[in-house]
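**Q** Here it is, the structure in full.
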């Protein structure tokens, strides 16, 4: 019995020692590299996120930012793929192409609303958020932005896309497409919510491009274009 108690005590002390060792290591995250503190870690992560926003999101706002970028180009929604195929079959390929272009034009217009929301999310990032991002997986920063901005972005994008459909003529084009399709004999009539679809596709495109930049900064030292980025992400390299 005495031996059992001694073994239990030894196990307990060993477990406590391991826990304490883990706790002791936490403050050292910011001391693994001389001169790097908590404020610098947060600043470095904010700089990286702002770089991703500037370098990638801004590209999406340009003409053809979505339309000629195969990684994020918005295609027909699943429910309209049959519409697309049918229109092409009856000699209306140009109309189908124009419909796809209009979806992308609306997304390019809406993404201009993203930057202020992203800037606010980055500004409000805590040190804990920064630490988790730095030592997280290669899309941790993108996931943080996605979790903290998606609702606000949808609220901003949706009305802009609706307005953009009118501005770029997408509403007229799509009304024509749907009308043409629905007059074809024996087809099932369709009336999709293209504003919601395009909004969600635009959001997916934004986060996809931010993830591209994040991966580049994490894995490519030459993409760390400032001393702060180099210092902070060197800590990630050693994790």
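The values are calculated or read from the model by the stated rules, or taken from the named source; none is laboratory data. Because the structure is predicted, anything quoted here is derived from the model rather than measured. Quick reminder, even Gly has a Cβ in these numbers, built from the backbone with ideal geometry, and neighbours come from all protein chains shown.
**Q** Is it the case that region 213-229 has a residue that's outside any helix (DSSP H, G or I), more than 17 Å from residue 55 (Cα to Cα) and in contact (Cβ under 8 Å) with a residue 40 or more places away in the chain?
**A** Scanning region 213-229, I find no residue that is outside any helix (DSSP H, G or I), more than 17 Å from residue 55 (Cα to Cα) and in contact (Cβ under 8 Å) with a residue 40 or more places away in the chain, so the answer is no.
**Q** Could you please find all residues in region 121-172 being in a helix (DSSP H, G or I), touching a residue at least 24 places away in the same chain (Cβ under 8 Å) and surrounded by fewer than 14 Cβ atoms within 10 Å (Cβ to Cβ)?
**A** 123, 167, listed by residue number.
**Q** Next up: Here is a check on your reading of the model: is residue 217 exposed (fewer than 13 other Cβ atoms within 10 Å of the Cβ), farther than 24 Å from residue 101 by Cα and out of contact with any strand residue (DSSP E or B) (no Cβ under 9 Å at 6 or more places or on another chain)?
**A** The answer is no for residue 217.
**Q** If residue 86 satisfies all but one of (1) buried (at least 22 other Cβ atoms within 10 Å of the Cβ); (2) modelled with pLDDT under 85, what's the number of the condition it fails?
**A** Just one mismatch for residue 86, condition (1).
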